[in-house]
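Below is one structure; the comments refer to it alone.
The values are calculated or read from the model by the stated rules, or taken from the named source; none is laboratory data. Just so it is clear, the structure is predicted and the values come from calculations on it, not from any experiment. Neighbour counts are summed over all protein chains in view; Cβ atoms, including those assigned to glycine, are modelled from backbone coordinates with ideal geometry. In case anyone asks, the SASA skips ligands and DNA or RNA and just uses the protein heavy atoms, side chains included. Shrake-Rupley method; radii C 1.70, N 1.55, O 1.52, S 1.80 Å.
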Amino acid sequence: MWFPEDEHQVPYTRFLDELAESGYGWLELGPPGYLPLDPQRLADEVGSRGLQVSGGTTFGALHRPEEWEQMLAEVSKVAELTAAVGAHHLVFIPPMFRDEKTGAFTESPQLSADQWRALGAAADELGKILLEEHDVRLCLHPHADSHIQTQPEIERFLDATDSRYAQLCLDTGHVAYGGGDNLDLIRRFAER
């Protein structure tokens, strides 16, 4: 599902069938474009298999103010779809600072103090909009090779944001990849 437009990706109907056959009851929507984008069609496809949606998935660069309007428009569409199928969480994945295919750096792996301030303010603003307009909570996913992957970066994100508007989607594998301590994060930041 990572690359919905990939010609080698299995059809979404097969994915949903196999998910249900395996005994799963819940799914995350994944990158927009793989599952149907029409709310009624999505609800029918998921519901007919006895599945429920836990949250949507979206991407964006909170540290780039010049991309705010476009990002907000894209994220809002996903939030609307997420809410339409009864889910209340939106997993937000920050951009990677390396090219996914070549591994080449596309930007510095370190954010400046100004970029961290922009990121925190944008996360709070986005989280507030999502909550007020869609009843959906922003859940940032610390991701490998992104600016929020190490434990200090995760903690800096939490310190820079308001707990009312910005939460975490704790991917234990990515946190471990970044050298973080999942149990410590859970103990100290369980409410987030």
Original post:
For the peptides 145-155, 54-64, what is the packing order when you average, over each peptide's residues, the other Cβ atoms within 10 Å and list the highest mean first?
Top reply: 54-64, 145-155
Original post:
Counting only residues 5 or more places away or on other chains, whose amide H sits under 5 Å from the amide H of LEU140 once H atoms are built in the peptide plane?
Top reply: PHE92, GLN167, LEU168, CYS169
Subject >> Relative packing of peptides 158-171, 177-190 - highest average C-beta neighbours within 10 Å first >> reply: 158-171, 177-190
Original post:
If you take the C-alpha gyration tensor of the stretch 1-136, multiply each eigenvalue by 5 and take the square root, what semi-axes do you get, largest first, in whole Å?
Top reply: 29, 20, 11
**OP:** With an 8 Å cut-off on Cα pairs and a minimum separation of 6 or more residues, tell me the relative contact order of the stretch 132-176 in percent.
**Re:** 53 percent
**OP:** Check each of the GluC sites (Glu not before Pro) in the stretch 30-106 and keep only those in coil by DSSP with at most 14 other C-beta atoms within 10 angstrom; list them in order.
**Re:** GLU100
Original post:
Shape call for the stretch 102-192 from the C-alpha gyration tensor, a ≥ b ≥ c root eigenvalues: rounded (a/c under 1.5), prolate (a/b greater than b/c) or oblate?
Top reply: oblate
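Per-residue ellipticity at 222 nm for the chain, helices alone: DSSP H runs ≥ 4 residues times -39500 (n - 2.57), over residue total, nearest 500 deg cm²/dmol?
Value at 222 nm, helices only, nearest 500: -13000 deg cm²/dmol.
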Subject >> Accessible area in square angstrom per residue, the chain, 1.4 angstrom probe >> reply: 52 Å²
Original post:
On the accessible surface of the chain, probed at 1.4 Å, how many percent belong to carbon and sulfur atoms?
Top reply: 50 percent
Original post:
Do you know the relative contact order of the stretch 64-187, to the nearest whole percent, from alpha carbon pairs under 8 angstrom that are 6+ apart?
Top reply: 27 percent
**OP:** Go through the stretch 92-109 residue by residue and turn each phi into a ³J(HN,Hα) via Karplus (6.51, -1.76, 1.60, θ = phi - 60°); whole Hz please, and just put x for glycine and proline.
**Re:** 10, 9, x, x, 7, 8, 10, 5, 5, 9, 9, x, 5, 5, 9, 7, 4, x
Original post:
Relative contact order of the stretch 1-144: what whole-number percent is it, with Cα pairs under 8 angstrom and at least 6 residues apart?
Top reply: 23 percent
